[in-house]
Every structure is written in structure tokens, then in C-alpha cells.
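Reading through the C-alpha cells given below for one structure.
Here, each number is a calculation from the coordinates, and none is a lab measurement. Model, not experiment: these values are computed from the prediction. Cβ sites come from the backbone with ideal geometry, for glycine too, and all protein chains shown count toward neighbours.
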Amino acid sequence: MEYVFFRNMPTSPLVKYLPLHLLTNGFRFLAYMAQRQTRSFLKAKIHAVCSLPRVLEQCGTIQRGRCVSSLEIDALLARRPLSRMLRQKLHTGAQSLPQKGANH
């Protein structure tokens, strides 16, 4: 997911959606914590961050070859599917968290 986001996203939508991307990752982290898989999540994120310079180098080549403008990509991302996906992620993350008062 990290590679696709950073490698394929034009700069202006990247800057615009980076906070949402980080927020989504924060909720995913909580879900992985609840599943006791924090180590694998963090290892994957650390690997992605370490690989980021290489991915960003490839980004320029990809962006030069794209056929649509940044505005068209932003318009697609600004539609409801993105907010619907975020709601689903939030709902899924909340369901996977332990409930208060529940005995595990």
C-alpha cells in the first residue's frame, strides 16, 4: 500500500491526502495491536520507510508517463468512494478492538 501511494500519486494530491493516509495507518496500527500483530505491522512500515528513497526515484518516471492530470486524479479521489473506504476502515478497526468490560 505504501509503495502504491507514494510511487503513483502526483505531488499535489500526495500532499493533500497524506494526512488521511497517515490517519488510516494509525487506525490500522490499532487494529494490529488488538490482534497482537504489532511487530509485523511495524516491520512492514519500517521497511517501507527505508525503501522510500528508491520508490520516490521511480515516481518521477511514472509521473512523466501518466496520461491524466493531477486535477483529474484528485477529482477521482475526492469522490465518495474514498470517504466510504475510510468509514469502512474505521468501522472494521473499531470492531477489531477489544470491548470494554469484555473478558479475554
Worksheet entry | Derived scalar couplings ³J(HN,Hα) [the range 2-7; Karplus, 6.51 cos²θ - 1.76 cosθ + 1.60; whole Hz; x for Gly, Pro] | 4, 4, 5, 4, 7, 7
Discussion item. Starting from 0.36 nm per residue, how many nanometres of slack lie between T38 and D74 once their C-alpha separation is accounted for?
Written reply: 9.7 nm
Discussion item. Can you give me the distance in nm between label points at C50 and L14, each placed 7 Å from the Cα along the Cα-to-Cβ direction?
Written reply: 2.2
Worksheet item: If packing is taken as the mean number of other Cβ atoms within 10 Å per residue, what is the order of 58-70, 16-28, highest first?
Response: 16-28, 58-70
Discussion item. Using each residue's phi in the range 44-55, evaluate 6.51 cos²θ - 1.76 cosθ + 1.60 at θ = phi - 60° and report the 3J(HN,Hα) Karplus result to the nearest Hz, with x for Gly and Pro.
Written reply: 5, 5, 5, 4, 5, 5, 5, 8, 4, x, 5, 5
